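The values are calculated or read from the model by the stated rules, or taken from the named source; none is laboratory data. Model, not experiment: these values are computed from the prediction. Because the Cβ atoms are built from the backbone with ideal geometry, glycine has one as well, and the counts that use them run over all protein chains shown. For the accessible areas, the whole protein counts, side chains as well, though only heavy atoms, and no ligand, DNA or RNA atoms are used. Shrake-Rupley method; radii C 1.70, N 1.55, O 1.52, S 1.80 Å.
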Amino acid sequence: MTHRRITILGATGSVGSSTLDLISGHEDRFSIDTLTAYRNVAELARLARRYRARHAVIGQASLKSELEAALAGSGISVAAGPEALCEAAMYPVDVVMAAIVGVAGLAPTLAAVRSQPVVALANKETLVCAGAFFMSEVARNGTLLVPVDSEHSALLQALGGPAFMLNPDFSTVEELVITGSGGPFRTMKAGDLQRVTPQQAVAHPVWSMGAKISVDSATLMNKTLEIIEAKHLFSIDEKCLNILIHPQSIVHGLVRFKDGSVVAQMAQPDMRVPISVALAWPDRIATPAAALDLAKLASLTFEAPDEDRFPALRLARELLSAPGGGAAIANAANEFAVDAFLNGRIAFTDIVRICEETLLKADGFSRPAPASLEEALSLDDEARGIASELANASRPEIHSLGRANTA
Ligand code: NDP
């Protein structure tokens, strides 16, 4: 494997940190070109110095002078603001790791696929809110797009990895299954879900992740986003996509072939494994992940998803068969509602309710897929406006319940 220069969009986050941690064990193979963050100046400056980055870019324009001061004398160039993030995504490198959270990652990730040879995609919201358009840009530019989400990395590996990527052929495939741990409330009674606190929701039983995806994992909205992500990544009929609950999170994805064989990918629930697959593609490199000891684990269990307690799963099926505008609307409503929940403004069970009601109010299930960045961002804006009204109109007892729970 030749030496690779890497840009990390979202370097200060959970995926960004795991990427840097992996790279620190392979400094002969990888070096850092550019690191970006949104507002965490101190951590961005620390990482840029530690990994001898050439460029450090902060998303909030007003933080430029603070970053300049933090990097004074280092020789590292500094830029700031949303346009600077898109420019940073285009500085020529070998691989861009797209690890910004939410729709904020769409424009920089799009800039990366239009200008770079390889994009490692963690930012699933990009595919959820503009999947068809985004994938057409990937094809038009001949970019190699390698998924970082553990389930999609698993599916790609089970399908045949690099050989499949060179010649994608689904003629022998019956079903793609993504697994999910079920989150921290997998066994909680439906009536108790309303009372869960942000602290409980971000305490994932298996994975260590950023706050937004941790809440998505608790509502199971993460599986909704992931199944839409899979539809676009693999461009496969939605009827062939399914979700299976697997609390141990050892099996990440399964491919059922027409001959009855099922090929699954297993690994410890450690993001450094799928990150290594993407960064080293098509090679494999060592990771610090603990070895998988199946004898010690003794049993792996699987359950059908419970759509009654976790309505996000029902939404997944409805959104899969609708035109793509609905997914963009649901994604925006979810981002808004997760933020409102984390800030104590709404209850946990309001998150998916607000997504569903936003979809209904915006006529989401019949809205066409966005055909440009501008259309995707305009749908996003519209949905956030509706979600905000719905959050404000939540019953007062729900508001006070949410606030009480965060105390
Ligand atoms: P985090 O919240 O931990 O990190 C998000 C990163 O994005 C930070 O660097 C943050 O900067 C930056 N950021 C936040 N808002 C903006 C913005 N408006 N503009 C530019 N940059 C911004 O997220 P995760 O690492 O958990 O997740 C990143 C993505 O990867 C998500 O799409 C998630 O769904 C996906 N993913 C995550 C997994 C995980 O294990 N964490 C697993 C699979 C997929 P700052 O620190 O300055 O705020």
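Computed quantities for the displayed model
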read-out: Residues with amide H under 5 Å from that of LEU244, placed H, sequence gap 5 or more; value: ILE178, THR179, GLY180
read-out: Rounded, prolate or oblate (a/c below 1.5 giving rounded, otherwise prolate when a/b exceeds b/c) for segment 278-322 by Cα gyration tensor; value: oblate
read-out: Sequence ranges 159-166, 146-153, 320-327, 378-385, ranked by mean other-Cβ count within 10 angstrom, highest first; value: 146-153, 320-327, 378-385, 159-166
read-out: Pairwise centroid distance, computed over Cα atoms, of segment 215-256 with segment 268-301, Å; value: 18
read-out: Cβ crowding within 10 Å averaged over residues, with 35-46, 198-209 ranked highest first; value: 35-46, 198-209
read-out: Cut-off under 5 Å, modelled amide H: who pairs with VAL101 long-range; value: none
read-out: Segment 197-252 shape via C-alpha gyration tensor axes, a/c threshold 1.5; value: prolate
read-out: Dipole axis of segment 103-252 (+1 Lys, Arg; -1 Asp, Glu on Cβ), positive-most option in ALA107, SER249, ALA190; value: ALA190
read-out: Fraction of beta bridges assigned by DSSP in the chain that are antiparallel (%, nearest 5); value: 25
read-out: Estimated dipole of the chain in Debye, rounded to 20 [Cβ of Lys and Arg +1, of Asp and Glu -1, Cα centre]; value: 780
read-out: Prolate/oblate/rounded call for the chain, Cα gyration tensor, a/c under 1.5 rounded; value: rounded
read-out: Packing-based order for 335-347, 50-62, using average beta carbon neighbours within 10 Å, highest first; value: 335-347, 50-62
read-out: Contact order relative to length of segment 79-204, as percent, for alpha carbon pairs under 8 angstrom and 6 or more apart; value: 17
read-out: Hull volume in cubic angstrom per residue (convex hull over the Cα atoms of segment 75-200); value: 177
read-out: Built amide H within the under 5 Å cut-off of GLN265, gap 5+; value: HIS252, GLY253
read-out: Dipole of the chain, positive direction: furthest Cα of VAL146, LEU373, ALA291, with charges on the beta-carbon; value: ALA291
read-out: The chain, helix-only ellipticity at 222 nm - DSSP H runs n ≥ 4, -39,500 (n - 2.57), divided by all residues, nearest 500; value: -14000 deg cm²/dmol
read-out: Accessible-area ranking of LYS223, LYS296, LYS258, largest first, probe 1.4 Å; value: LYS296, LYS258, LYS223
